[in-house]
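Please read the structure below before turning to the comments.
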Amino acid sequence: MNTKDIQFLYKYNSWANRRILNAASQLTQEQFFATASHPHKDLRHTLTHTLFAEWLWRKRWQGQSPTSYIKPEDFPTFSSLRDRWLEEEIEMNNFVTSLSDEKLHSTFQYKTTSGEPRENILWQVMAHVINHGTQHRSEAAAILTELGNSPGDIDLIVFLRE
C-alpha cells in the first residue's frame, strides 16, 4: 500500500458517503428516525455509528485515544448529522493527504475506548475503516431503499466510471 492507493480509497469513501447522505437528505424526519430491521436500529444510528468510527480512528492516528462516543442523540436532525459528517470529511481528507509512504507503513499506539493499549500498522487500519464503512453504507443503503429512496449503486467500479 502506498499513499496514492490510500488517497484513492479515501476519495472513494467520501464519494460513497456523500451518495448515502444525499439520498438521506430527501427523507422526512420521521423516516430518518423510523425503526429498521438492521443491526443499528434506524438510519440515524447506522450513520452515527459509521461517522463515529471514522472520527475515532482518525483521532487515534493523530495520537489521541478518545474515551467518549459520538452518539445518535447528538444529532436531533439529519442536517445536524450531515453537517458534522462534512466537517469530519475535511479533517479526514487533511490527514490522508498529509501522509507519506513511510508514515503509512509505521505502527501507531492507542488505547481502546475502554483503555486497553493497542498497536497497529497505519495502512492496515486505514483499509479497515474503508471496509467498515462499506458494511454500514450497505446497511444504510438497504434502509434508504426500503424507505423508497435508494442511493443507487455505491460500488467502487461506479466511482471509477464517474
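The values are calculated or read from the model by the stated rules, or taken from the named source; none is laboratory data. Worth saying up front: this structure is predicted, and the values here are computed from it rather than measured. Cβ sites come from the backbone with ideal geometry, for glycine too, and all protein chains shown count toward neighbours. Quick note on the areas: whole protein, heavy atoms, side chains included, nothing else; ligands and nucleic acids left out. Shrake-Rupley method; radii C 1.70, N 1.55, O 1.52, S 1.80 Å.
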*Please state which one of 50, 46 is crowded, with 18+ Cβ neighbours inside 10 Å and closer than 17 Å to residue 149 by Cα.*
46
*Hey, any hits in region 66-78 for a residue that's closer than 21 Å to residue 121 by Cα and touching a helix residue (DSSP H, G or I) at 6+ places or on another chain (Cβ under 9 Å)?*
yes
*Among the residues of region 1-24, which ones are closer than 18 Å to residue 148 by Cα and either of a type in the set (A, V, I, L, M) or open to solvent by less than 40 Å² (accessible area, probe 1.4 Å) (or both)?*
20, 21, 23, 24
*Within region 109-136, how many residues are part of a strand (DSSP E or B) and surrounded by fewer than 16 Cβ atoms within 10 Å (Cβ to Cβ)?*
6
*From the list 81, 56, 27, which one is part of a loop (DSSP other than H, G, I, E, B), surrounded by 15 or more Cβ atoms within 10 Å (Cβ to Cβ) and modelled with pLDDT of 95 or more?*
27
